1. Does A:GLN189 fit the bill of being in contact with a Lys or Arg (Cβ under 6 Å, 6 or more places away or on another chain) and not charged (D, E, K, R)?
2. Name the one entry in D:GLU175, D:GLU115, D:GLU155, D:GLU105 that is of a type in the set (Asp, Glu) and closer than 30 Å to C:GLU215 by Cβ.
3. With respect to the numbered conditions (1) over 17 Å from D:TYR325 (Cα atoms); (2) touching a Lys or Arg at 6+ places or on another chain (Cβ under 9 Å), which one is the sole condition not fulfilled by D:LEU144?
4. Name every residue in the range B:223-237 that is within 8 Å of chain A (Cβ to nearest Cβ) and part of a helix (DSSP H, G or I), in order of residue number.
5. Checking B:GLN119 against (1) farther than 30 Å from A:MET219 by Cα; (2) buried (at least 20 other Cβ atoms within 10 Å of the Cβ), which single condition isn't satisfied?
6. Determine whether A:HIS300 is crowded, with 24+ Cβ neighbours inside 10 Å and touching a His at 6+ places or on another chain (Cβ under 8 Å).
7. Hey, does the range B:129-140 have a residue that's surrounded by 15 or more Cβ atoms within 10 Å (Cβ to Cβ), within 30 Å of A:ILE224 (Cβ to Cβ) and at pLDDT 95 or above?
8. Could you pull out the residue among A:THR66, A:THR96 that is within 15 Å of A:ASN231 (Cβ to Cβ), surrounded by 15 or more Cβ atoms within 10 Å (Cβ to Cβ) and not aliphatic (A, V, I, L, M)?
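The values are calculated or read from the model by the stated rules, or taken from the named source; none is laboratory data. Being a predicted model, the structure only gives us computed values, none of them experimental. Cβ sites come from the backbone with ideal geometry, for glycine too, and all protein chains shown count toward neighbours.
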Protein chains: 4
Amino acid sequence: MLVVMDKNATPDQVDRVVRTIASKGFVARPIPGGDRISIGILNNEGPVDPALFMGMPGVKDAIAVTRPYKLVSRETKAEDTLIQVGNVTIGKGHLTIIGGPCAIESETQAMTIAERVKQAGGNIFRGGAFKPRTSPYSFQGMELEGLKILAKVRETFGMPVITEVIDRETFDQVEAYADIVQIGTRNMQNFSLLKRAGQSHRPVMLKRGMSATLEEWLMAAEYIMAAGNPNILLCERGVRTFVRHSRNTLDLSVVPVIAKESHLPVLVDPSHAAGVRDQVIPLSRAALAVGAHGLMVEVHHEPENALSDGAQSLYPDQFTDLCVYARKIHDLLREH
Amino acid sequence: MLVVMDKNATPDQVDRVVRTIASKGFVARPIPGGDRISIGILNNEGPVDPALFMGMPGVKDAIAVTRPYKLVSRETKAEDTLIQVGNVTIGKGHLTIIGGPCAIESETQAMTIAERVKQAGGNIFRGGAFKPRTSPYSFQGMELEGLKILAKVRETFGMPVITEVIDRETFDQVEAYADIVQIGTRNMQNFSLLKRAGQSHRPVMLKRGMSATLEEWLMAAEYIMAAGNPNILLCERGVRTFVRHSRNTLDLSVVPVIAKESHLPVLVDPSHAAGVRDQVIPLSRAALAVGAHGLMVEVHHEPENALSDGAQSLYPDQFTDLCVYARKIHDLLREH
Amino acid sequence: MLVVMDKNATPDQVDRVVRTIASKGFVARPIPGGDRISIGILNNEGPVDPALFMGMPGVKDAIAVTRPYKLVSRETKAEDTLIQVGNVTIGKGHLTIIGGPCAIESETQAMTIAERVKQAGGNIFRGGAFKPRTSPYSFQGMELEGLKILAKVRETFGMPVITEVIDRETFDQVEAYADIVQIGTRNMQNFSLLKRAGQSHRPVMLKRGMSATLEEWLMAAEYIMAAGNPNILLCERGVRTFVRHSRNTLDLSVVPVIAKESHLPVLVDPSHAAGVRDQVIPLSRAALAVGAHGLMVEVHHEPENALSDGAQSLYPDQFTDLCVYARKIHDLLREH
Amino acid sequence: MLVVMDKNATPDQVDRVVRTIASKGFVARPIPGGDRISIGILNNEGPVDPALFMGMPGVKDAIAVTRPYKLVSRETKAEDTLIQVGNVTIGKGHLTIIGGPCAIESETQAMTIAERVKQAGGNIFRGGAFKPRTSPYSFQGMELEGLKILAKVRETFGMPVITEVIDRETFDQVEAYADIVQIGTRNMQNFSLLKRAGQSHRPVMLKRGMSATLEEWLMAAEYIMAAGNPNILLCERGVRTFVRHSRNTLDLSVVPVIAKESHLPVLVDPSHAAGVRDQVIPLSRAALAVGAHGLMVEVHHEPENALSDGAQSLYPDQFTDLCVYARKIHDLLREH
């Protein structure tokens, strides 16, 4: 933290900042500049809140210098985290493709799609049993019954399954059936849920919040890791911007930045970013080319009849093409 | 819903859209235009998902025509909702000022601030007992002990109290002690929590999500109302934009739009939008001038020592001035 | 500028940064912290580009510490700038209301509206002669003929007039007829035009760019002032965000921040922010309550027949009410 | 255009809308729905301004149904536009890589970098002679001298050159020396400049505005095409969002959407989106994988000493690697 004083700050005002820093147990180091004084804060363990100084007289700015995250930081752990789920390894050097419908709608639907996902070369099956929906009048998921269908998919096709958890009440249930527990974009800062996820023995996929900064996202992962669970996958799924030609704006620049800042694997979900099928395939290619460790893509055999997100679901044949493409791009990157 | 076809859509493609509409139980009404056909959807009860059509061949666009919210809509209930909490009436024609610290830190702190809030003319006392914090290493609130202090404030000063609830587990507790239950910005689309709030006998203050559209916000209120609780206050608290001179951008235009779209009262929290004290007072004045039914403002007698959000907390004297100002602006508006 | 090194930056990497700083003629001051070194840059006259260091090995971050603007800064000139245009004074302590149509459409239209603006208590008449329009097929303004009508308005009603200039070619013309020259939102970073405005003997109203930060906006004003023209009015008119219920999001927090950072007067244009009439009046009240020195509002006697922006233009009677309101809010603020 | 009436709109209000539509020479077609009337507008040549109706009593919404752009639309011209510059073809099926420094700083600098760009397999050389800079105190370019150096690059290496034009005054000069004239992001809606570009015999590269919607961008291209110049390249360069880990957010979803909406070629500039070198290479790969027709990348042999944008400039060796990669990804896409 660097506290920048006004040009005409009085010695008293500088002194007050220095004393405030000392009162928190930190070391204050004033740095006289050309036309104003700045005060560095040393020896702080965790992050210091800039707000602490922003309201004080004579203070122009308070600037965070170090990152607030620790356990998830590459500075803390240099080597890449690999996550093992059944026979699937997720992380650097591996390509993981997750496919399946937005929601589990019936056993027939799930099994039909899972078969196609498996044939295409998908690694993990996805399907929502508890659905967070914008409208209370929309289909809210099959709940426990949906989880049981997921278990059947795993048994039948030998693929691990991932599904979303939406509250603490149903966490035990989800954890019992799923191989990976997903925390959705709207719950990224549901800290109560994050703490529960930190106590889980399952890997957790943490989707980025709709308008989360990189720092907030990594701090959400820090919640999970600080509570004891080191197996976290990050998943970029588009952020909210002024743009209207896609549902959200896929922020692919976050992928190389995460690779630099954190040791955690990062996947990309192009389906929710796009909102329409046409954009899903090109954005999937782009996600792999930018260096993501995998994809999570919605697939449906009858998207017109899907109970949710039909427009953004790929047809199974499209998913098959995508898998072929994906492996080629992944191989291309590994050569270099 | 209006489905707009491509200029060169084939009759078959048009027919397929018509049949899909019919299969959902709605009425399709094709509207031939100058150079393309559009198809209106009639007789739909709730909203129709544009995504249903966006992926179909020959479809250029699918445009929502009506609003998805019902119970919270002014079209459903024309008269303004007034909420009674103790001797305080919240809503059109009334001015409600909520003041207090970000977090309850001790009984002494709470009582000291509450006395000043009361003297200044504040109507309701605020203070967090369960705190949603970006960092797992930050102060997370006094929890049950904090709730008990809030109850003591109410008894001592005769002011209703409001505090945030962050999960279903602690909802009963919060409900037992608070006069108004607050759902915070990060939980605006925690649908599980919204459903629980819908079963509460307490009024609920629903803060706007960090990047929520008006529609998403009203749909979140719809969740609460659909579950049985009609006593909802909306609270604008700034949205996330590219702007860096304030923590969030206070979206005051939402106040007159809500007044048009919904019958629910709307308050404004300038403290979280601003992030720094200097902006809180001018933004408070602006919030009342734009027509908000009240304010929620952070107040602290020793902001430098606050455990959270010190920089945006007003000193008690500033809060007193603000209350004087607020009543004058409110009176000015009522004259017209 | 503060250059923050990686935790494990080598002495060589630190040295290279120090030498780079020295090579630019600045003084480097390394600041050893708890777990990493930061290097302060002193004695720099103007701003230093963070990009200079961001790409160097071992550098984690490069953080601007001081503001890049000088002439427009309150640190350079503490007293508020007042601008005199005819008998109108613009700036602190004064309330300036600018009204008129989006575009001059005919002499009759302009004179009819000007009469109503004058009667209502408006101080300055606005009207576009050169119109920047999103579509090449939209009405582009009456050009020279429009300027002549503006001159007639000034003579007839004794009100100064303001109109937009869109390029250097027509600057002489606009300058010859207008009392204040306006640079629109799309030209805020048209640096060629800004330099020409800096040579003008007319005051310049600089509207904020659609997605301009405060810093970029003030730097645009710095261009004008550095070229010799100190008479600049800033005008906030809404920024682009994800929000859809208003055309742009009026960023009122910028008003108190400008008052702190700069000595220049700031007005607010609620018409372009809102895009619809219903929001213009409440946002106008809010703009004055937040501390703006004035308003620029679109007024039309027959908005349904306006050639541009009819939906956001007030009826003359609404403008009259607004002026009454505005003076009351302005008086209320001056009392305090 | 579809005008949606309030549920309780009166027959008079409906009638007034119908008459307003008729008065503009269009055909009004009322569409009775379940609970409200909507009115379609037919036979309109160009787009209709929604604002025309938004302010009328009884109107809830006015929704644009068709796109406002014509000449640039794929509905107007189905086949892809290819642009020939010297021996380089730009557009579908071709891969164009533009490389060079942000600004021409000296003949030696330009020739040194051009040689490396040529060797690496770059197709076109870029370099700014007139630089739009946020600060009036920053290097503004070598102007005419810079243009002459560009001409020398073309002669020496046989590569076409592209450079930015910033105003009408210097357009003739730029046009005389450059093979492609670039209009920068800050001038995307400088309509005066667009009209001049429309009269140029040179192809124009139109960069996307910092916060331009797809529609505004294509309308800016429409200005150029409507004035007579059909040779337009679009260039995505990142948009402004809340994100802070990259300078701008590269919006790759726009690439497939443009391919659907327009026949114009689209390139991607990852350098300005990223702002730092580390992100440029992965984003370049992603841009090609998403389907862009080429890249524009900043290259500098001594980025630490660059007069602008050093941090985002690739070293020549990195650019060479990038070109190799780029061709492989391009080939991969063509196979499918």
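1. Working: in contact with a Lys or Arg (Cβ under 6 Å, 6 or more places away or on another chain): yes; not charged (D, E, K, R): yes.
The answer is yes for A:GLN189.
2. Values: D:GLU175 fails: closer than 30 Å to C:GLU215 by Cβ; D:GLU115 fails: closer than 30 Å to C:GLU215 by Cβ; D:GLU155 fails: closer than 30 Å to C:GLU215 by Cβ.
The match here is D:GLU105.
3. (2)
4. First, pick out the residues of the range B:223-237 that are within 8 Å of chain A (Cβ to nearest Cβ): B:223, B:226-227.
Hits for the range B:223-237 are B:TYR223, B:ALA226.
5. If we test B:GLN119 against (1) farther than 30 Å from A:MET219 by Cα; (2) buried (at least 20 other Cβ atoms within 10 Å of the Cβ), just (2) comes out false.
6. On the way: crowded, with 24+ Cβ neighbours inside 10 Å: yes; touching a His at 6+ places or on another chain (Cβ under 8 Å): no.
Answer is no for this residue.
7. yes
8. Values: A:THR66 fails: within 15 Å of A:ASN231 (Cβ to Cβ).
Result of the check over A:THR66, A:THR96: A:THR96.
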